[in-house]
Amino acid sequence: MAGYALPENAAALTESTSIAIAQQIQFHPILTPLADEAITSSFVQAGTGGPPILLLHGFDSSLLEYRRLWPHLSQHHQTWAVDLLGFGFTERCPGLPYGPAAIQSHLFAFLEHHIKTPVILVGASMGGAAALDFALTYPDLVERLILIDSAGLAGRPMAGKLMIPPLDRWATDFLRSPKVREGISRKAYYDSRWVTADATLCASLHVEQPGWRESLIAFTKSGGYGSFQGQLPQLPQPTLILWGQQDRILGTKDAPRFERLIPNSQLVWIPEAGHVPHLEQAEKVAEVMLDFIRQGKPIISTVS
């Protein structure tokens with residue numbers, strides 16, 4: 001869409017997968033119940049064949065998070081990745097109620113406008129909580145669910161209560177710091193060799209978007225996603241739980257908890273991977289995901 005584009009420093013991307021996904025980002029207006037005007041939303045789509053796969057990124061991230069996984073999936077399925085409302089490169093309109101309910105409303109409108117059929121819904125970290133929220137609310141629109149090192153079992157964080165001026169500005173300035181963002185990346189990866197200049201740029205491009213600070217503060221003040229523990233036993237979809245064995249962001253204790261709580265689920269550990277196995281072990285993650293989708297039920301084996 002004319003007038004919308006990635007920040008100029010996207011030209012500094014060097015990894016082939018980063019360049020490829022950045023070049024294919026589309027910007028389309030989506031009408032939602034949240035505002036009278038359409039919200040210009042960013043996404044990528046490639047591949048043919050169904051059922052379609054829809055990828056949801058994590059907190060303070062963007063669809064670039066799926067740059068290495070996306071090409072493996074799109075060889076076999078119609079594959080989408082979308083920037084959630086308030087995140088990535090999707091338009092941040094002043095005054096919107098940024099929070100889980102608004103994210104769900106925007107996601108429903110996106111699916112209704114573009115995909116128009118039930119999906120395999122994939123969520124990583126906070127995107128996993130968003131996927132759980134959507135699958136529980138709209139079970140007929142989600143054929144199967146895939147959670148990657150997912151949030152959704154912890155209580156709402158206390159940080160929202162502290163996001164008052166000037167603390168809110170100080171907090172976002174801190175998060176915007178290149179050294180801080182690089183430190184978070186080093187903790188997210190098992191193998192620090194993945195923390196390249198390209199990876200750091202992918203993880204920070206979206207902070208240049210207008211309204212980044214305001215929407216992040218608003219989301220944090222909303223309380224974000226809490227625990228779905230009480231609702232998970234009613235989750236009807238076959239669910240694949242993928243988890244990096246060396247996750248230092250969320251740890252590993254929630255992985256078996258998800259498996260116990262979700263009736264039709266299977267946990268697969270991804271070795272030599274931290275919080276972002278879809279970036280560190282993209283080929284292995286894609287292999288397990290595609291096997292799960294082909295079978296139409298949780299798989300039995302684990303990856304070694």
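Just so you know, all these numbers are worked out from the coordinates, no wet-lab data involved. Computed from a predicted structure; not experimentally measured. Virtual Cβ from ideal backbone geometry, glycine too; neighbours counted across all protein chains shown.
Per-residue answers, yes or no, for (1) aromatic (Phe, Trp, Tyr); (2) surrounded by fewer than 18 Cβ atoms within 10 Å (Cβ to Cβ):
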| residue | (1), (2) |
| --- | --- |
| Ala188 | no, no |
| Leu205 | no, no |
| Gln209 | no, no |
| Glu214 | no, yes |
| Tyr225 | yes, no |
| Trp243 | yes, no |
| Leu267 | no, no |
| Ala273 | no, no |
| Leu279 | no, no |
Restricting segment 245-265 to residues that are touching a strand residue (DSSP E or B) at 6+ places or on another chain (Cβ under 9 Å) and β-branched (Val, Ile, Thr), which is surrounded by the most Cβ atoms within 10 Å (Cβ to Cβ)? Ile262
Residue count, segment 10-59 (criterion: farther than 22 Å from His76 by Cβ and part of a strand (DSSP E or B)): 8
Could you tell me whether any residue of segment 63-80 is touching a Gly at 6+ places or on another chain (Cβ under 8 Å) and among the β-branched types (Val, Ile, Thr)? yes
Can you name the residue in segment 5-39 that is within 27 Å of Leu279 (Cα to Cα) and among the hydroxyl-bearing types (Ser, Thr, Tyr) and, of all such residues, is surrounded by the fewest Cβ atoms within 10 Å (Cβ to Cβ)? Thr14
Within segment 118-154, the residues that are part of a helix (DSSP H, G or I), surrounded by fewer than 21 Cβ atoms within 10 Å (Cβ to Cβ) and among the hydrophobic types (A, V, I, L, M, F, W, C) are Leu136, Leu141
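So that you can scan it fast, the table gives a plain yes or no per residue for (1) out of contact with any His (no Cβ under 9 Å at 6 or more places or on another chain); (2) at positive phi; (3) of a type in the set (Val, Ile, Thr):
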| residue | (1), (2), (3) |
| --- | --- |
| Asn9 | yes, no, no |
| Gln23 | yes, no, no |
| Ser41 | no, no, no |
| Leu54 | yes, no, no |
| Ser61 | no, no, no |
| Leu64 | no, no, no |
| Trp80 | no, no, no |
| Thr90 | no, no, yes |
| Gln104 | yes, no, no |
Taking the stated definitions as given, is Ala273 more than 27 Å from Gly99 (Cβ to Cβ), outside any helix (DSSP H, G or I) and either without any contact (Cβ under 8 Å) to a residue 24 or more places away in the chain or not polar (S, T, N, Q) (or both)? yes
When you scan segment 258-270, do you find a residue that is touching a residue at least 60 places away in the same chain (Cβ under 8 Å), outside any loop (DSSP other than H, G, I, E, B) and of a type in the set (Val, Ile, Thr), even just one? no
Are there helices (runs of 4 or more DSSP H) fully within segment 176-242 with at least 1 residues that are over 22 Å from Ile39 (Cβ atoms) and in contact with a Gly (Cβ under 7 Å, 6 or more places away or on another chain)? List them. 178-188
Over segment 190-203, the set of residues surrounded by 16 or more Cβ atoms within 10 Å (Cβ to Cβ) and of a type in the set (A, V, I, L, M) is Val195, Ala199, Leu201, Ala203
Can you list residue pairs whose Cβ atoms sit under 8 Å apart, with the first residue in segment 22-33 being farther than 16 Å from His206 by Cβ and the second being in a helix (DSSP H, G or I) and of a type in the set (S, T, N, Q)? Count only pairs 6 or more apart in sequence or on different chains. Thr32/Ser105; Pro33/Ser105
What number of residues within segment 106-116 satisfy the criterion of being farther than 15 Å from Leu55 by Cα and either surrounded by fewer than 18 Cβ atoms within 10 Å (Cβ to Cβ) or β-branched (Val, Ile, Thr) (or both)? 3
